[in-house]
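Down below is the structure, laid out as structure tokens.
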Amino acid sequence: MVSPPEFRKIAHEFVDWMADYLEQVEQYPVKSPVTPGAILRQLPEHPPSAGEPMETLFADFQRIIMPGITHWQSPNFFAYFNANSSYPSLLAEMLTATLGTQCMIWETSPAAAELEERVMDWLGQMLGLPAGFVGVIHDTASTATLCALLTAREVATQFAVNREGLTGGEKLRVYCSEETHSSIEKAGKIMGIGKENVVKIATDPSLAMYAARLRAAIAQDGEDGFIPMAVVATLGTTSTTAVDPLPEIADVCGTHKLWLHVDAAHAGTALLLPEFRWMIEGISGVDSFVFNPHKWMFTNFDCTAYFVKNVELLVRTFEILPEYLKTNPLGDVKNYRDWGIPLGRRFRALKLWFVIRSFGVRGLQEKVRSHISWAQALSKEIIAHDAFELMAPAPFNLVCFRYRPAGDENTLDDLNQRLLTNLNKSGKVYLTHTRIRGCYALRMCIGQTSTTPEHVKKAWNFIQATAAEMELTS
């Protein structure tokens, strides 16, 4: 056991290590170089019978765990989408962990509930959402989207599924683009309609959903006896950050009275910038909206902002009140356990509050605008390069490209796969890949909190040098 004096001493040592780590993170290999099983083999098969000193635990953390960590906070991390931290967010997480509060209802921590309410109001204003949208914090966009589609299911069935369960004859359908995140299909499986009833609509040359084809698919399904229940529009798809045409999709949903959910998990942060508010033209026809401050708004994972237009429908979908949770608070309060799936809830609003207040709206805008400008500059360099090719439009901070030297077109996928492997094995950068119209492409997401233009330039030079070296040795 750790005594209070020991805790104070060790905690100070940990904070010193944390500060050193964040200052020196660039020195680590960005992607962990360990092989499968390397960490597991170092861990005893049985738990210790007696307690061990914290010094031993921390030494093992450094010796065993750190080599198996991929360093998401490195300024050379360009993979996936970012999962950004920042000093104010980290400090808030320390306070949250110390409080250990359980924020399921207002009474279990009034400050947590009311801070969440206010911070979500702030976020809505910062993104330019209409005043009628009300927010709640979830863990991930996958959870928030599942909540949206469960609500849509209940609306479409007049809450019969909640009462009676699925009978197998409902034939409910959800629509999204072929570029939509896999969480939509997963939600179809979880909520009982089946992945085959998640209808994927074709995309145009910019990889955005064809609204006309959506309209046709819904009309045909109606004739075939299906029950269209919801559409998911994506603002910033996972592969390429394509933006679905929200006004046209909202018009389709209005005509057929379908729930319209907007997934803006990554690119929603760009709405902090007035020049990107074109993305939410048509927002008046939207029922729910999600984006992740934990991706590109410098807030520790996990923190997802979910907004709904009709709170009553959301609460009616999830509300359940056993005797042991009945309380008698004074006044009108929000019990957020009724706004989603879990009963237990972390105090996520605190880190969001710290981030917004520490950066300020202008500070957040400056960081996001910089990331976008660096990505645009990189896109221009790729376009101008004889041996590289831009593979998709880059409206935000994600650049999709491939190495395309003169030669056999049939070998390009293998060539770029080897290029990515060599880049990531170096430990100097970390990128990931996707397939665009069947072609293998590298993805470079520029949005880590401490990344600078020099890191982007250094990464681009390294990519070119690695490709040229492969060409010489092939």
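The values are calculated or read from the model by the stated rules, or taken from the named source; none is laboratory data. These figures come from a predicted structure and were not determined experimentally. Here Cβ is always computed from backbone atoms with ideal geometry, including for glycine, and neighbour counts include all displayed protein chains.
Here is a yes/no grid of residues against (1) more than 26 Å from C445 (Cα to Cα); (2) not small (G, A, S):
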{"site": "P44", "(1), (2)": "yes, yes"}
{"site": "S49", "(1), (2)": "yes, no"}
{"site": "Q62", "(1), (2)": "yes, yes"}
{"site": "S74", "(1), (2)": "no, no"}
{"site": "A83", "(1), (2)": "no, no"}
{"site": "S89", "(1), (2)": "no, no"}
{"site": "M94", "(1), (2)": "yes, yes"}
{"site": "A97", "(1), (2)": "yes, no"}
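Of the strands (runs of 3 or more DSSP E) entirely within the range 358-474, those holding at least 1 residues that are among the β-branched types (V, I, T) and buried (at least 16 other Cβ atoms within 10 Å of the Cβ) occupy 398-403, 432-436.
Let's see how each residue does on (1) assigned to a loop (DSSP other than H, G, I, E, B); (2) under 22 Å from G285 (Cα atoms); (3) in contact with a helix residue (DSSP H, G or I) (Cβ under 9 Å, 6 or more places away or on another chain); (4) not small (G, A, S):
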site	(1), (2), (3), (4)
T151	no, yes, yes, yes
R163	no, no, no, yes
G168	yes, no, no, no
V174	no, yes, yes, yes
E185	no, no, yes, yes
V199	no, yes, yes, yes
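Scanning the range 245-290 for residues that are assigned to a helix (DSSP H, G or I), in contact with a helix residue (DSSP H, G or I) (Cβ under 6 Å, 6 or more places away or on another chain) and under 16 Å from Q125 (Cα atoms) turns up T269, A270, L271, L272, F276. Being within 28 Å of S182 (Cβ to Cβ), in a loop (DSSP other than H, G, I, E, B) and not aromatic (F, W, Y) holds for only one residue in Q102, Q73, and it is Q73.
Among residues of the range 455-474 that are among the β-branched types (V, I, T), those with a beta-carbon under 6 Å from a residue that is surrounded by fewer than 16 Cβ atoms within 10 Å (Cβ to Cβ) and at pLDDT 90 or above at least six positions away or on a different chain give the pairs T466/N422. Evaluate the following for R213: is it at pLDDT 95 or above, in contact with a Gly (Cβ under 7 Å, 6 or more places away or on another chain) and part of a helix (DSSP H, G or I)? When the stated conditions are applied, R213 does not pass them. Report whether or not A219 is free of Cβ contacts under 8 Å to residues at least 60 places away in the same chain, touching a Leu at 6+ places or on another chain (Cβ under 6 Å) and either more than 30 Å from I436 (Cβ to Cβ) or assigned to a helix (DSSP H, G or I) (or both). Answer is no for this residue.
For R345, the conditions (1) without any contact (Cβ under 8 Å) to a residue 24 or more places away in the chain; (2) of a type outside the set (F, W, Y); (3) part of a loop (DSSP other than H, G, I, E, B) all hold with the exception of (1). Does A141 meet the test of being within 30 Å of A392 (Cβ to Cβ), buried (at least 17 other Cβ atoms within 10 Å of the Cβ), small (G, A, S) and without any contact (Cβ under 8 Å) to a residue 60 or more places away in the chain? Answer is no for this residue. Across the range 105-133, which residue is farthest from S450 (Cα to Cα) among those that are β-branched (V, I, T) and assigned to a helix (DSSP H, G or I)? Residue satisfying both the conditions and the ranking: T108.
As for the range 46-55, it holds no residue that is among the aliphatic types (A, V, I, L, M), in contact with a Gly (Cβ under 6 Å, 6 or more places away or on another chain) and either at pLDDT below 95 or farther than 13 Å from H71 by Cβ (or both). For the range 192-216, the set of residues classified as in contact (Cβ under 8 Å) with a residue 40 or more places away in the chain and closer than 18 Å to T241 by Cβ consists of S206, L207, M209, listed by residue number.
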